[in-house]
Amino acid sequence: MKFSPEKCTIPDRRMEPFIDPAELWGFLNNTKPTKERVKEIIAKSLEKQRLTLEETAALINADNPELVEEIKEGARTLKKKVYGNRIVLFAPLYIGNHCVNNCKYCGFKASNRFAIRRKLTDEEIIRETEALEENGQKRLILVYGEHPMYSPEYIAHTVKLVYGVKKGNGEIRRVNINAAPLDIEGFRTVKNAGIGTYQIFQETYHPEMYKFYHPSGPKRDFNYRLTSLDRAQEAGLDDVGIGALFGLYDWRFEVMGLVRHTNHLEAVYNVGPHTISFPRIKDASEFNIDLKYMVNDKDFAKLVAILRLAVPYTGMILTAREAPEVRSEVMQYGVSQIDGGTKLEIGNYSSTLNEEQNLNREQFRVNDARSLSDVIEELLDKNYLPSFCTACYRHGRTGEHFMEFSVPGFIKRFCTPNAILTLAEYIMDYANPKVAEKGWKVIEDNMAELHNEKQVIEVRKRIERIKQGERDLYF
């Protein structure tokens with residue numbers, strides 16, 4: 001999407017730093033919410049209107065247990081309104097762990113002498129992708145260390161390689177990227193490979209703390225990283241993901257930073273982030289940071305609910321860093337995407353490494369090591385609708401066009417039927433009998449909620465076509 005300054009009512013702020021710690025702390029320190037004010041803010045969010053910084057700060061500062069429960073309940077209701085019962089599933093595939101940075105919290109840091117450095121060969125990438133497809137995965141995020149060897153051309157090459165792997169009925173239909181910031185031409189190169197979302201996490205939005213955690217390497221430049229997704233937009237890559245690593249600084253400030261980042265992208269490019277991620281610090285090889293900012297489970301649940309209310313239309317990703325019981329609790333407050341069957345060790349989807357090898361090849365510890373089948377079964381038991389849908393990408397419903405569908409809430413018109421079809425595929429190709437029985441029941445439950453007879457008839461026709469062997473049917 002091209003930015004048109006003449007259509008914008010604010011000054012041209014493209015690629016300008018936009019985080020002012022004093023502004024964010026000003027809202028946090030001076031917003032004293034009343035019970036009535038909190039209720040008003042929740043009501044606004046339930047109308048699917050994005051919240052302001054002041055409104056976000058009011059929810060953050062609401063510490064009365066009854067109000068916190070109202071915030072959580074509002075998030076539950078909003079998730080149902082916008083996303084229905086869907087939970088989108090994906091898996092990360094680590095391509096290489098060479099890195100030139102020295103982030104204090106990361107096992108990939110250049111100074112980690114225990115790290116076993118690897119970059120998958122093309123043949124290994126194919127084997128890993130085949131193993132993922134054999135488990136039923138359809139959506140991957142490729143993860144790279146920050147190193148010159150992972151150039152835009154190399155990233156594009158690996159994306160095309162993954163898309164080309166077909167194993168039985170398996171195929172990867174969407175490849176997202178988590179990699180270093182690029183220049184505009186670099187983003188253009190990667191976009192042309194057909195990627196989905198490009199994720200870049202700011203880690204912490206506090207400039208001074210950012211410098212402390214990133215003592216050396218290109219990543220030390222706070223502003224270059226902060227404006228990286230502006231460059232992606234300038235390159236025409238309008239599908240981007242933001243995130244903060246909770247535990248590096250005060251969680252309240254990081255929530256404000258994420259909302260401020262969203263505001264900036266919407267104001268300047270007329271499209272916010274496709275996804276927001278909120279991983280918490282976990283152990284990693286050579287992990288050595290002050291633990292005073294670690295986020296407990298109670299605050300973690302609250303911040304997830306606040307983010308859901310603050311950005312009603314934005315996808316929210318909860319990863320396998322969290323234990324199953326935490327994921328089960330937090331998912332209800334607005335999470336729309338999770339990973340399943342995750343292995344972070346490089347090359348471990350198609351082979352098995354021992355525990356010591358794992359630690360020295362991974363970026364952090366996984367706390368939910370269940371198989372994709374087990375994750376799907378739990379989702380079904382809780383009446384969620386597991387989805388591998390990628391239809392929006394094939395229909396061009398991304399960036400500004402995605403917002404046109406998702407902000408008014410029309411997305412359920414497409415996503416619930418498409419989720420049903422992808423679950424039917426999974427059942428036919430990969431599910432064991434117990435999961436299959438539960439899956440067909442959940443499909444029927446969700447069909448009953450469509451309330452459109454013509455649509456129900458068409459979905460049932462496509463399910464029958466899937467049973468006859470057709471694949472990749474979508475609306």
Scan of region 453-472 for residues that are closer than 19 Å to MET428 by Cβ and either modelled with pLDDT under 95 or not basic (Lys, Arg) (or both), ordered by number:
GLU458, VAL459, ILE463, GLU464, ILE466, GLN468, GLY469, GLU470, ASP472
Which of the numbered conditions does LEU450 fail, given that it passes all the others? Conditions: (1) under 30 Å from GLN233 (Cα atoms); (2) among the hydrophobic types (A, V, I, L, M, F, W, C); (3) surrounded by 15 or more Cβ atoms within 10 Å (Cβ to Cβ); (4) modelled with pLDDT under 90.
(1)
Please give the number of the condition CYS99 fails out of (1) surrounded by 24 or more Cβ atoms within 10 Å (Cβ to Cβ); (2) in contact with a helix residue (DSSP H, G or I) (Cβ under 6 Å, 6 or more places away or on another chain); (3) at negative phi; (4) not aliphatic (A, V, I, L, M).
(2)
Got a sec? Which of LYS438, LYS434 is in a helix (DSSP H, G or I) and exposed (fewer than 15 other Cβ atoms within 10 Å of the Cβ)?
LYS434
Lone qualifier among LEU140, LEU161 - being touching a strand residue (DSSP E or B) at 6+ places or on another chain (Cβ under 9 Å) and among the aliphatic types (A, V, I, L, M):
LEU140
Any chance ALA156 is farther than 29 Å from LEU248 by Cα and either in contact with a Gly (Cβ under 8 Å, 6 or more places away or on another chain) or not hydroxyl-bearing (Ser, Thr, Tyr) (or both):
yes
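The values are calculated or read from the model by the stated rules, or taken from the named source; none is laboratory data. If you're wondering where the values come from, they're calculated on a predicted model, not measured in any experiment. Virtual Cβ from ideal backbone geometry, glycine too; neighbours counted across all protein chains shown.
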